[in-house]
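Working notes, structure below.
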Amino acid sequence: MGRSRPDLPFNLSEKTTLEAKIGKPLILGSYKDTHHYCQAIRQIIADPGLLSIASSYLGTQAVYVSSELTWSFAVPSTLNEQLKAAQVFHYDIDGYGCVKFFFYLTPVEEKNGPHIYLLKSHKNKKLLHQLMGQRTASISDEVLTKQYGSENILTICGDAGFGFVEDIYGFHKGSPPEQGSRLLLQIEFGTRAYRDPRHFERSA
Ligand SMILES: O=C(O)CCC(=O)C(=O)O
Ligand SMILES: [Fe+2]
């Protein structure tokens, strides 16, 4: 399903046809709340290990919030498109404390759109950036990197099956793949079960 066009659901095999129909290449293809139709993902969500990591980080019983399975395609994109695709530095506020588990389902090297985190930015966020909330996504990556230190950039590569967990209150992004397509599973836990938290539809 297209992230910003939920009215245009498609299977991966129909991608080329859909691209011809809309007249431009797709940047992302996203399946939301994947537990509804995938038993394997339901099993991961219910994994006691994940729950215990999330609970110990949040300091309270963590609850499942949402999940998403996303293809990122290697296509040229504008800054505005990258902004809508979570491909520029941003942070997410989906409640009082949220952690997200990320699993690469395709191998991810430097050129395949690795996830990038600005270390420590979940703790030492500047007051202005706290006040700006999700509008900080409009600040350029260069400026944010300068302010939080290029030594804090963590680029996460890994094989298919590799996973990591992060506090999404820190600045992060998925870099646009230069080649290959990246398939990513995201599973979010929070302190409360928010319904359909909206962290993707940022205004440009
Ligand atoms: O694609 C990624 O690696 C990050 C996705 C993300 O941060 C988001 O969807 O909010
Ligand atoms: Fe994010």
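The values are calculated or read from the model by the stated rules, or taken from the named source; none is laboratory data. Worth saying up front: this structure is predicted, and the values here are computed from it rather than measured. For neighbour counting, all protein chains shown are included, and Cβ atoms are generated from backbone atoms with ideal geometry for every residue, glycine included. These accessible areas exclude ligands, DNA and RNA; they are computed on the full protein's heavy atoms, side chains included. Shrake-Rupley method; radii C 1.70, N 1.55, O 1.52, S 1.80 Å.
Miscellaneous remarks
- Those residues of segment 85-108 which are buried (at least 18 other Cβ atoms within 10 Å of the Cβ) and more than 15 Å from the chain's Cα centre (by Cα), in sequence order: G97
Residue by residue, here is whether (1) under 13 Å from I187 (Cα atoms); (2) in contact with a His (Cβ under 9 Å, 6 or more places away or on another chain) holds:
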{"site": "L69", "(1), (2)": "yes, no"}
{"site": "V88", "(1), (2)": "no, no"}
{"site": "I116", "(1), (2)": "no, yes"}
{"site": "L131", "(1), (2)": "no, no"}
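- Among the criteria (1) more than 16 Å from ligand 2 (Cβ to nearest atom); (2) among the hydrophobic types (A, V, I, L, M, F, W, C); (3) modelled with pLDDT under 95, the one L58 does not fulfil is (3).
- Residue match in segment 195-203 (condition: aromatic (F, W, Y) and modelled with pLDDT of 95 or more): no
- Residues located in segment 10-32, provided they are free of Cβ contacts under 8 Å to residues at least 40 places away in the same chain, open to solvent by less than 90 Å² (accessible area, probe 1.4 Å) and more than 15 Å from L183 (Cα to Cα): F10, E14, L18, E19, A20, I22, G23
- When residues of segment 61-84 are limited to those that are among the hydrophobic types (A, V, I, L, M, F, W, C) and surrounded by fewer than 22 Cβ atoms within 10 Å (Cβ to Cβ), the one farthest from ligand 1 (Cβ to nearest atom): V63
- Selection of segment 72-102 for residues being farther than 22 Å from K125 by Cα and either in contact with a helix residue (DSSP H, G or I) (Cβ under 9 Å, 6 or more places away or on another chain) or away from ligand 2 (no atom under 13 Å from the Cβ) (or both) yields S72, F73, A74, V75, P76, S77, T78, L79, N80, E81.
- Applying the criterion of being under 23 Å from T191 (Cβ atoms) and touching a Lys or Arg at 6+ places or on another chain (Cβ under 8 Å) to the residues of segment 93-108, the residue that is modelled with the highest pLDDT is Y96.
- Hey, L105 out of contact with any Gly (no Cβ under 8 Å at 6 or more places or on another chain) and closer than 23 Å to K15 by Cβ or not: no
- Checked against the criterion of being away from ligand 1 (no atom under 16 Å from the Cβ), closer than 25 Å to F162 by Cα and at pLDDT 95 or above, the candidates L127, L118, L51 yield just one match: L51.
- Among the residues listed as K146, K111, the single one being open to solvent by 30 Å² or more (accessible area, probe 1.4 Å), at pLDDT 95 or above and more than 15 Å from ligand 1 (Cβ to nearest atom): K146
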